[in-house]
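The values are calculated or read from the model by the stated rules, or taken from the named source; none is laboratory data. Quick caveat, the model's predicted, so the values are computed rather than measured. Ideal geometry is used to build each Cβ from the backbone, glycine not excepted, and the neighbour counts take in all protein chains shown. What goes into the accessible areas is simple: the full protein's heavy atoms, side chains included, and nothing from ligands, DNA or RNA. Shrake-Rupley method; radii C 1.70, N 1.55, O 1.52, S 1.80 Å.
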Amino acid sequence: GGGGGDKEDKEDKEDKEDKEEFAISSPSSPKTELIGLLPGSKAAKLSQGVPLMLAIAEYIHSKRPEIQFVIPVAPTLDLPTLASFADPEKNPFVKTFGFSNASLCRRSGGTSLLLTAKGLSVELYTHTPAYDLLSECSICLTTVGANTAELGSLGVPMIVLLPTQQLDAMRSWDGLPGLLANMPLLGSSFAKLINWLVLQRKGLLAWPNIWAQSMIVPELVGKLQPQEVGEMVLDYLAHPEKLAAIRAKLHSVRGEAGAAKKLAQIVSEVIGVRS
């Protein structure tokens, strides 16, 4: 009895230490469930990620209108540019996912949001880092990259999306693959080849999965459909024990107290990527 209590107290203390490492000012905790949308910061990912995630959010909203959505905006991305990826006149992928459009709106209090044609409001959170906000999310939808490392460090459940509606569009790989994919003339062919090779890996693209060498968080790769992903999210929300299991596995991969900060340092110093 006593030993188990000591262990639980130690784990609680370690969780508190990790939370303190990421403590920043953030909005008050929402009364309803919050879903984070992390489409990335590079145009190659945003072109598909923004309309896909907004279409998924609209589907979930149609089933559970009380759920709130937020996009933690990357510090290198300005709001008009982000909004342009939800405009069918500026981004041809908008219609690919059956999405209509969204426009940038500003509240009187100074906050901004994307308002979709179906009436869904998605808050745009511009304070960085957004660790406290992400910790409040029941689940996040994210692209591959540094976002998965940050969410994993915080123990936040996620679904990793890699849409392949057009392989040539995914030119945001880092290092040598990224250089080859963006070469003049031959870049398009290299991009398609690199992404085809990545798809043959069949998993372990998210950093928590790579660290654990197992599928802790789901990775959805292919011609993703908003309704199918939306149903998956709704199923997780309807079965909180599934989300709890993911959190537990992420915490086990995260390791001892202080690991969250160490993982963040790995993201910035070793990986050298921005999602």
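In the set (1) within 16 Å of Cys137 (Cβ to Cβ); (2) in contact with an Asp or Glu (Cβ under 7 Å, 6 or more places away or on another chain), Ala57 fails one condition alone, (2). Leu46 meets the conditions (1) modelled with pLDDT under 95; (2) assigned to a loop (DSSP other than H, G, I, E, B) in every case but one. The failed one is (2).
Summed over region 106-121, the residues that are within 22 Å of the chain's Cα centre (by Cα) and in a strand (DSSP E or B) give a count of 6. Output yes when any residue across region 77-93 is open to solvent by less than 80 Å² (accessible area, probe 1.4 Å), of a type in the set (Phe, Trp, Tyr) and at pLDDT below 95, and no when none is. Yes, region 77-93 contains at least one residue that is open to solvent by less than 80 Å² (accessible area, probe 1.4 Å), of a type in the set (Phe, Trp, Tyr) and at pLDDT below 95. As an exercise: evaluate Asn101 against (1) at pLDDT 90 or above; (2) among the polar types (S, T, N, Q); (3) within 20 Å of the chain's Cα centre (by Cα) and give the number of the one condition it does not meet. Condition (3) is where Asn101 drops out. For region 99-128, the set of residues classified as open to solvent by 50 Å² or more (accessible area, probe 1.4 Å), of a type in the set (Gly, Ala, Ser) and over 15 Å from Pro226 (Cβ atoms) consists of Ser103, Ser108, Gly109, Gly110, Ser121, listed by residue number.
I need the helices (runs of 4 or more DSSP H) fully contained in region 198-275, keeping only those with at least 1 residues that are of a type in the set (Asp, Glu), over 20 Å from Ile56 (Cα atoms) and at pLDDT 75 or above.
By residue number, 240-254.
Only one of the numbered conditions (1) in contact with a strand residue (DSSP E or B) (Cβ under 8 Å, 6 or more places away or on another chain); (2) modelled with pLDDT of 95 or more; (3) more than 17 Å from Ile35 (Cβ to Cβ) is violated by Arg107, and that is (2).
Yes/no per residue for (1) at pLDDT 95 or above; (2) in contact with a strand residue (DSSP E or B) (Cβ under 9 Å, 6 or more places away or on another chain):
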residue	(1), (2)
Leu115	yes, yes
Val122	yes, yes
Pro129	no, yes
Leu134	yes, yes
Ile159	yes, yes
Leu162	no, yes
Ser172	no, no
Leu179	no, no
